[in-house]
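K.L.:
Before I ask anything, here is the structure I am working with.
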Amino acid sequence: MPAKDILIIGAGLTGIASAWALRQRGHRVTVFDAHDGPAEETSFANAGALTPSEPEPWNAPGVHWQLLSSLADPHSPMKLRVKAIPGLTSWGLRFLWNSRRSAYEAACQANFALSHHSLKLTQAVREAEQLEYDSLSRGTLKICRDAPPTPVRDGINKTLADMGLKSEILDVEETLAREPMLEAVRDQIAGSVFHPLDESGDARAFTRALARAAEAAGVRFEWKTRVLELIDRAGHIIGVRTDEEEIEVEAVVLATGHASWSLLAPHGLHLPVRPVKGYSLTLDMSGLNQRPGLPVVDEALHTIATPMGDRLRIAGTAEFTGLDRTLREDRVDNLRNLLRSIYPQIADTLLAGEQKAWCGFRPMSADGRPFIGETRARGLWLVTGHGHLGWTQAMGSGDVLASLMSGETPAIDASAFAATRI
Ligand SMILES: Cc1cc2nc3c(=O)[nH]c(=O)nc-3n(C[C@H](O)[C@H](O)[C@H](O)COP(=O)(O)OP(=O)(O)OC[C@H]3O[C@@H](n4cnc5c(N)ncnc54)[C@H](O)[C@@H]3O)c2cc1C
């Protein structure tokens with residue numbers, strides 16, 4: 001297929017990964033972003049975990065009870081705010097409908113396949129381009145507090161194992177051998193699950209390093225350029241209008257994260273993706289003699305503590321609160337408490353130093369799967385809706401998109417991510 005002129009809107013993880021993959025296939029690629037550089041929105045300070053081991057959408061069976069009870073619980077890790085309910089009605093119903101076990105398991109399998117493929121591509125580009133982003137290839141440790149983990153929680157684990165998921169059930173001693181810093185909470189841990197293939201790193205540093213490599217390979221960037229609308233000619237998207245100009249291209253790719261909805265709605269495309277707010281707190285570990293060695297996940301709290309070079313980042317919590325960007329002190333406090341509950345011996349020292357709190361919006365799809373492919377409007381492509389897995393799935397999503405746009409068969413079955421399901 002001949003090379004195309006392609007405009008990507010969005011320079012977060014998915015936009016940059018897509019630009020890279022498209023340029024590798026010879027297309028002429030331009031990226032527009034409203035910010036003055038890459039990874040300034042949700043890709044700015046996420047938890048940094050590359051976790052094919054966590055393919056589960058957040059609308060697991062039973063999620064409705066969790067959301068309802070969160071209305072009255074200020075510390076609930078997944079929090080629904082009353083004022084957000086009107087804006088969530090149709091998306092919310094689809095979110096709940098997709099918590100049926102069959103839909104949930106199908107999303108787990110599709111997400112795992114994409115994440116697994118993505119991790120291999122992340123490793124490959126890191127080696128080929130010598131990308132530096134405080135990467136760690138030590139796996140992740142999922143701690144269990146109430147009861148020891150059981151070998152097979154349900155059928156989906158066996159299916160994922162057959163697809164390539166590696167996991168080891170650890171007792172308390174084995175858990176402490178993996179992460180000696182958990183000794184201080186030995187009494188509170190019942191065991192853990194270790195996922196040796198998971199990785200971690202600073203997603204923003206990765207995005208910026210990959211953007212530099214993409215620019216060197218010929219991708220053109222225009223910063224501080226906000227796209228106001230898509231230009232539609234008889235159902236065919238032929239370009240965009242920015243705050244300064246109108247440009248025509250052969251294909252437009254929306255990699256606009258949680259903001260995709262507003263560009264699509266005027267064209268009758270009602271993307272079921274809504275912002276789900278999350279928080280992170282980054283602390284300076286440079287003065288510590290003993291440091292955490294690998295990411296520790298506390299699944300019950302949707303939180304994770306990830307070492308990133310000289311820093312430790314605690315991240316998590318999910319808030320359904322619309323586009324309210326307020327950095328709420330009570331949510332940041334939840335992260336401080338989480339730090340105390342995992343590493344009490346270093347918490348006070350770390351919290352006495354510089355604390356960088358941040359919040360961002362996960363672009364959460366109602367069926368727990370991203371959108372990758374061409375929409376019903378010809379010439380308009382999506383790579384968005386990755387929710388809590390945008391870093392884990394970025395390189396794989398870019399690769400699938402670039403294959404589809406180049407007329408190739410993608411390396412994995414991409415039907416579960418079709419953008420025609422809007
Ligand atoms: C607290 C937290 C922790 C997380 N932890 C993890 C994790 O450990 N692992 C993981 O895999 N994922 C994680 N995620 C999810 C991940 O960060 C996101 O899925 C990912 O960053 C989304 O990337 P994106 O490129 O789609 O969107 P973004 O990073 O938001 O990029 C979208 C870009 O589009 C631009 N844009 C939007 N509209 C326009 C417009 N009209 N004109 C021009 N530019 C526009 C924006 O400026 C922005 O730069 C986490 C998220 C949060 C909030």
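The values are calculated or read from the model by the stated rules, or taken from the named source; none is laboratory data. Not measured: the values here are computed from a predicted model. As a convention, Cβ positions derive from the backbone with ideal geometry for all residues, glycine included, and neighbour counts pool all protein chains shown.
K.L.:
So if I check each of 215, 248, which one is of a type in the set (Asp, Glu) and in contact (Cβ under 8 Å) with a residue 12 or more places away in the chain?
P.N.:
Of 215, 248, the one residue that is of a type in the set (Asp, Glu) and in contact (Cβ under 8 Å) with a residue 12 or more places away in the chain is 248.
K.L.:
Let me ask something else about it. Condition (residue is touching a helix residue (DSSP H, G or I) at 6+ places or on another chain (Cβ under 6 Å) and among the β-branched types (Val, Ile, Thr)) applied to the range 175-187: is it met by at least one residue?
P.N.:
There is no residue in the range 175-187 that is touching a helix residue (DSSP H, G or I) at 6+ places or on another chain (Cβ under 6 Å) and among the β-branched types (Val, Ile, Thr).
K.L.:
Right, here's the next one. Do the conditions hold for residue 257, that is, is it surrounded by 23 or more Cβ atoms within 10 Å (Cβ to Cβ), within 24 Å of residue 204 (Cβ to Cβ), modelled with pLDDT of 95 or more and not basic (Lys, Arg)?
P.N.:
Spelling it out, residue 257 is indeed surrounded by 23 or more Cβ atoms within 10 Å (Cβ to Cβ), within 24 Å of residue 204 (Cβ to Cβ), modelled with pLDDT of 95 or more and not basic (Lys, Arg).
K.L.:
What is the residue count in the range 33-44 for residues that are hydrophobic (A, V, I, L, M, F, W, C) and surrounded by fewer than 23 Cβ atoms within 10 Å (Cβ to Cβ)?
P.N.:
So the count comes out to 2.
K.L.:
Still on this structure: For the range 288-345, enumerate the residues that are within 23 Å of residue 196 (Cβ to Cβ), of a type in the set (A, V, I, L, M) and either at pLDDT 95 or above or within 12 Å of the ligand (Cβ to nearest atom) (or both).
P.N.:
The answer is 294, 296, 297, 304, 305, 308, 312, 314, 315.
K.L.:
Taking into account only those residues within the range 1-25 that are part of a helix (DSSP H, G or I) and of a type in the set (Val, Ile, Thr), which is nearest to residue 211 (Cα to Cα)?
P.N.:
It comes out as 16.
K.L.:
So, one more: So in the range 15-44, with the set limited to residues that are of a type in the set (Ser, Thr, Tyr) and within 11 Å of the ligand (Cβ to nearest atom), which one is nearest to residue 118 (Cα to Cα)?
P.N.:
Here the residue is 18.
K.L.:
Just need a number here: residues in the range 186-225 that are more than 14 Å from the ligand (Cβ to nearest atom) and either surrounded by fewer than 20 Cβ atoms within 10 Å (Cβ to Cβ) or under 26 Å from residue 296 (Cα atoms) (or both).
P.N.:
Within the range 186-225, residues that are more than 14 Å from the ligand (Cβ to nearest atom) and either surrounded by fewer than 20 Cβ atoms within 10 Å (Cβ to Cβ) or under 26 Å from residue 296 (Cα atoms) (or both) number 19.
K.L.:
Can you name every residue in the range 2-43 that is in contact with a strand residue (DSSP E or B) (Cβ under 6 Å, 6 or more places away or on another chain) and under 21 Å from residue 363 (Cα atoms)?
P.N.:
Once the filter is applied, which keeps residues that are in contact with a strand residue (DSSP E or B) (Cβ under 6 Å, 6 or more places away or on another chain) and under 21 Å from residue 363 (Cα atoms), the range 2-43 yields 7, 8, 9, 11, 14, 15, 18, 19, 31, 32, 42.
K.L.:
Taking the condition touching a residue at least 40 places away in the same chain (Cβ under 8 Å) and under 20 Å from residue 192 (Cα atoms), does residue 363 pass?
P.N.:
no
K.L.:
Mind listing whichever residues of the range 1-38 are over 20 Å from residue 242 (Cα atoms) and aliphatic (A, V, I, L, M)?
P.N.:
1, 3, 13, 17, 21, 22 - these are the residues of the range 1-38 that are over 20 Å from residue 242 (Cα atoms) and aliphatic (A, V, I, L, M).
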